[in-house]
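Asker: Supplied in structure tokens, the structure appears directly below.
The values are calculated or read from the model by the stated rules, or taken from the named source; none is laboratory data. Here the structure is a predicted model, which is why all the values come from computation and not from measurement. Here Cβ is always computed from backbone atoms with ideal geometry, including for glycine, and neighbour counts include all displayed protein chains. When the accessible area is computed, the model is the full protein with side chains, heavy atoms only, and any ligands, DNA or RNA have been set aside. Shrake-Rupley method; radii C 1.70, N 1.55, O 1.52, S 1.80 Å.
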Amino acid sequence: MSESGVPGITVLETGQTETGARRMLLNMGPQHPSTHGVLRLAVELDGEIVTKCVPDIGYLHTGIEKEFEVKTYQQAVTLTDRVDYLAPLSNNLGYCLAVEKLLGLEIPPQAQWMRVMLTELTRLNSHLVWLGTHAMDIGAMTVFLYCFREREEILKIFEMFSGQRMMTSYFRIGGLALEPPRGWHQRIKTFIDSFPSKVDEYEDLLTTNRIWIGRTKGVGRMTLEDMLDLGVTGPMLRAAGLKIDARRDDPYTSYEKFDFEIPIRTESDVYARYQVRVEEMRQSARIVRQALDGEKMKTQMEALIYHFKIVTEGFRVPEGEVYQVIESPRGELGFYVVSDGTTSPYRVHMRTPSFGNLQATPRMVEGTLIADTIASIGSMDFVLGDTDR
Amino acid sequence: MLPDNLRDHAVAAALAAFDAGATTGGKFERGELTLEIAPARIAGVCGFLKHDQNFVRLSSVTAVDRYPAEPRFEVVYHLHSIQPYGRLRLKCRLSGAKPEIESVTAVWRSADWYEREVFDLFGIVFRGHPDLRRIMLPEDWEGHPLRKDYPVTGSRV
């Protein structure tokens, strides 16, 4: 017996196995391309079968929750971008809503609609990166190029609004950071008008593709009970037949005023998760369109800079604690904010979907083929910044 | 004992009926219910809430350091019931001298990583946890960064 250096894994040395099979330890990551960031999976293999999998995280731990405690409430918005860097506006939203709840602040409807629209564009951005990289992991290179074509346009829209492509910090406590730029309406309209046909293109490449189906159908199965018990949330639960979505279950930021479907599949495999997310893209586009066409968007946009007063005057947040949950592209994103009545948060805890989802990795891949591990972890759609914080 | 103003909340009342001494306090603020639980009863309470009150999900486990006040630590659990929709916060206060509490991994497996994170960053020990070791920081790291007496910046002298 020899120690692998990984707690929890003891490897049998070659030639010493009871069954005659050669077990080996394989380190996937932390720089393996298919682990999408710095995730390390220590995998014990019996031939091509994964007999044990131990995820090792923390490579991207930056102490963000500690950092919150030395920033003012408004400054801390910039930290939230850097957690899940593929969905910065979702993080902005969760944090701002939590603090606004502590303040008892209701922001103007125009700003709420603007937030909904941009958060849904963020969901598209995140799902596009997921689809492109997930397909590339499994060998479908072309899809990546198509997805990044549309993602680029979304990033340009974000840059137009906030001056930043990724770390937008565009939502602020009390509203938005800046007045929307001139010409934003037409820009987003042009994009969203053509977007459904782009989703058709991705589907043309994958949905009936025999290789894609072969690599994803029946792969990475998990039962709903296991997933709920292990902390999995978001599209993975919806692909296992559970109609769960914080936008519907506990609406925030006017989501109750929007008409959209929550896509459901029951197979709970990699293919079902693909179908759910593709349909979510279509639904997000629907929400963006409703926001664009809504009466709320036709009013004076200057009203959006409602936060101006509280920014210049500074503000204290009344003592208390809240747990604000939103539906991020990856699942349940919860902000637990504790205030002691000063100008900085006393404690902020982020319940991030990637952390919860990743915990289910061993349950998902143990007993399956090593090649399917790639497809399985791709279907979880985690972001390591979101996991490690 | 359950505060009188929380008797209208079905969950709080059910919990009081299950174990009268488990709830030591609580509040209902900003639409969120918080129940303070005697630390020694936490595993039993969680088992009851999961199996009898539909809190099938443990959303998160975290802690708050009230240093230099005593009891110093608050361990905070956020529970989630899907049908009917509901959320509940449980809170246990632990002393700073030897912060220890029973693990709830036997109730929800998701507590595994959540508790490891709290152990890593706050130094709170979860008794009965199957694999209690650091998760974010290297194994040989000294100290627990989310404690209030741990500096935000500075170098080792």
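Residue-wise test of (1) among the small types (Gly, Ala, Ser); (2) in contact with a helix residue (DSSP H, G or I) (Cβ under 8 Å, 6 or more places away or on another chain); (3) closer than 20 Å to A:Phe335 by Cβ.
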position: B:Val76; (1), (2), (3): no, no, yes
position: B:Arg87; (1), (2), (3): no, no, yes
position: B:Leu90; (1), (2), (3): no, yes, yes
position: B:Arg93; (1), (2), (3): no, yes, no
position: B:Pro99; (1), (2), (3): no, yes, no
position: B:Glu102; (1), (2), (3): no, yes, no
position: B:Ala106; (1), (2), (3): yes, yes, no
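Asker: Out of region A:106-165, which residues are open to solvent by 30 Å² or more (accessible area, probe 1.4 Å), in a loop (DSSP other than H, G, I, E, B) and touching a residue at least 60 places away in the same chain (Cβ under 8 Å)?
Answerer: A:Gly139
Okay, residues lined up against (1) facing chain A (nearest Cβ under 10 Å); (2) open to solvent by 40 Å² or more (accessible area, probe 1.4 Å); (3) of a type outside the set (Lys, Arg):
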site: B:Ala43; (1), (2), (3): no, no, yes
site: B:Phe48; (1), (2), (3): no, no, yes
site: B:Asp65; (1), (2), (3): yes, no, yes
site: B:Pro71; (1), (2), (3): no, yes, yes
site: B:Gly86; (1), (2), (3): yes, no, yes
site: B:Arg93; (1), (2), (3): no, yes, no
site: B:Val104; (1), (2), (3): no, no, yes
site: B:Val107; (1), (2), (3): yes, no, yes
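Table: residues versus (1) assigned to a loop (DSSP other than H, G, I, E, B); (2) aromatic (Phe, Trp, Tyr); (3) within 14 Å of chain B (Cβ to nearest Cβ); (4) touching a residue at least 40 places away in the same chain (Cβ under 8 Å).
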{"residue": "A:Pro180", "(1), (2), (3), (4)": "yes, no, no, yes"}
{"residue": "A:Ile213", "(1), (2), (3), (4)": "no, no, no, yes"}
{"residue": "A:Met222", "(1), (2), (3), (4)": "yes, no, yes, yes"}
{"residue": "A:Lys243", "(1), (2), (3), (4)": "yes, no, yes, no"}
{"residue": "A:Glu256", "(1), (2), (3), (4)": "no, no, yes, no"}
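Asker: Something else about it: Give the residues of region B:1-10 that are within 18 Å of B:Cys46 (Cβ to Cβ) and open to solvent by 30 Å² or more (accessible area, probe 1.4 Å), sorted by residue number. Show your work before the answer.
Answerer: To start, the set of residues in region B:1-10 that are within 18 Å of B:Cys46 (Cβ to Cβ) comprises B:2, B:9-10.
Across region B:1-10, the qualifying residues are B:His9, B:Ala10.
Asker: Tell me the helices (runs of 4 or more DSSP H) entirely within region A:348-389 that contain at least 1 residues that are more than 14 Å from chain B (Cβ to nearest Cβ) and under 13 Å from A:Asp137 (Cβ atoms). Lay out the reasoning, then the answer.
Answerer: On the way: elements: A:353-358, A:361-365, A:370-378, A:384-388.
Hits in region A:348-389: A:370-378.
Asker: In the set B:Glu117, B:Glu74, B:Glu70, which member is of a type outside the set (A, V, I, L, M), under 19 Å from A:Tyr346 (Cα atoms), part of a helix (DSSP H, G or I) and without any contact (Cβ under 8 Å) to a residue 60 or more places away in the chain?
Answerer: On the way: B:Glu74 fails: part of a helix (DSSP H, G or I); B:Glu70 fails: part of a helix (DSSP H, G or I).
Criteria check complete, one pass: B:Glu117.
Asker: Every residue in region A:316-359 that is open to solvent by less than 10 Å² (accessible area, probe 1.4 Å), closer than 20 Å to B:Val118 by Cα and among the polar types (S, T, N, Q), please.
Answerer: Residues satisfying the conditions are A:Ser339, A:Thr352, A:Ser354, A:Asn357.
Asker: Under the condition of being in a helix (DSSP H, G or I) and of a type in the set (Lys, Arg), which residue from region A:182-211 is most open to solvent (accessible area, probe 1.4 Å)?
Answerer: A:Arg210
Asker: Here's something else I'd like to know. Hey, any hits in region B:12-23 for a residue that's touching a Leu at 6+ places or on another chain (Cβ under 7 Å), modelled with pLDDT of 85 or more, closer than 23 Å to B:Val125 by Cβ and open to solvent by less than 20 Å² (accessible area, probe 1.4 Å)?
Answerer: yes
Asker: So which residues in region A:26-50 are open to solvent by less than 50 Å² (accessible area, probe 1.4 Å) and either in a strand (DSSP E or B) or among the polar types (S, T, N, Q) (or both)?
Answerer: A:Met28, A:Ser34, A:Thr35, A:Arg40, A:Leu41, A:Ala42, A:Val43, A:Glu44, A:Leu45, A:Asp46, A:Val50
Asker: Does region B:137-149 contain any residue that is closer than 21 Å to B:Val64 by Cβ, out of contact with any helix residue (DSSP H, G or I) (no Cβ under 9 Å at 6 or more places or on another chain) and not in a loop (DSSP other than H, G, I, E, B)?
Answerer: So far as region B:137-149 goes, no, none of its residues is closer than 21 Å to B:Val64 by Cβ, out of contact with any helix residue (DSSP H, G or I) (no Cβ under 9 Å at 6 or more places or on another chain) and not in a loop (DSSP other than H, G, I, E, B).
Asker: Out of all the residues in region A:226-246, which are open to solvent by 10 Å² or more (accessible area, probe 1.4 Å) and of a type in the set (Lys, Arg)?
Answerer: Residue satisfying the conditions is A:Lys243 alone.
Asker: Sticking with this one: So which residues in region A:229-239 are within 13 Å of another protein chain (Cβ to nearest Cβ) and under 18 Å from the mean Cα position of the chain (by Cα), if there are any at all? Let's see the steps before the verdict.
Answerer: Of the residues in region A:229-239, the ones within 13 Å of another protein chain (Cβ to nearest Cβ) are A:229-234, A:237-238.
Hits for region A:229-239 are A:Leu230, A:Gly231, A:Val232, A:Thr233, A:Gly234, A:Leu237, A:Arg238.
Asker: If B:Arg109 satisfies every condition in (1) more than 24 Å from A:Leu384 (Cα to Cα); (2) touching an Asp or Glu at 6+ places or on another chain (Cβ under 6 Å) but one, which is the exception?
Answerer: It fails just one condition, (1).
Asker: Follow-up question, since we're still on this one. Do we have any residue at all in region A:84-92 that's within 14 Å of chain B (Cβ to nearest Cβ) and touching a residue at least 24 places away in the same chain (Cβ under 8 Å)?
Answerer: no
Asker: So A:Lys66 fits all but one of (1) within 24 Å of A:Pro251 (Cα to Cα); (2) outside any loop (DSSP other than H, G, I, E, B); what number is the exception?
Answerer: (1)
Asker: I need the full set of residues from region B:109-118 which are more than 8 Å from chain A (Cβ to nearest Cβ) and within 19 Å of B:Gly47 (Cα to Cα), in order please.
Answerer: Those that are more than 8 Å from chain A (Cβ to nearest Cβ) and within 19 Å of B:Gly47 (Cα to Cα): B:Ala111, B:Glu115.
Asker: What about B:Phe28, is it touching a Phe, Trp or Tyr at 6+ places or on another chain (Cβ under 7 Å) and more than 10 Å from chain A (Cβ to nearest Cβ)?
Answerer: Numbers: touching a Phe, Trp or Tyr at 6+ places or on another chain (Cβ under 7 Å): no; more than 10 Å from chain A (Cβ to nearest Cβ): yes.
Criteria not met by B:Phe28.
Asker: Next question. Mind counting the residues in region B:53-63 that are within 8 Å of chain A (Cβ to nearest Cβ) and part of a strand (DSSP E or B)?
Answerer: At the first step, the residues of region B:53-63 found to be within 8 Å of chain A (Cβ to nearest Cβ) are B:56-60, B:62.
If we keep only those that are part of a strand (DSSP E or B) too, we end up with B:57-60, B:62.
So the count comes out to 5.
Asker: Only one residue in A:Tyr59, A:Tyr73 is within 14 Å of chain B (Cβ to nearest Cβ) and of a type in the set (Phe, Trp, Tyr), so which one is that?
Answerer: Values: A:Tyr73 fails: within 14 Å of chain B (Cβ to nearest Cβ).
Only one candidate passes the filter, namely A:Tyr59.
Asker: Oh, and also: Among the residues of region A:75-95, are any surrounded by fewer than 20 Cβ atoms within 10 Å (Cβ to Cβ) and part of a helix (DSSP H, G or I)? Break it down into steps so the answer makes sense when it comes.
Answerer: If we filter region A:75-95 for residues that are surrounded by fewer than 20 Cβ atoms within 10 Å (Cβ to Cβ), which is where we start, we get A:75, A:78, A:82, A:85.
Now restrict to residues that are part of a helix (DSSP H, G or I): A:78.
Yes.
To keep it simple, each residue is scored yes or no on (1) modelled with pLDDT of 90 or more; (2) in contact with a Lys or Arg (Cβ under 6 Å, 6 or more places away or on another chain).
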residue: A:Val116; (1), (2): yes, no
residue: A:Asp137; (1), (2): no, no
residue: A:Phe144; (1), (2): yes, no
residue: A:Glu159; (1), (2): yes, yes
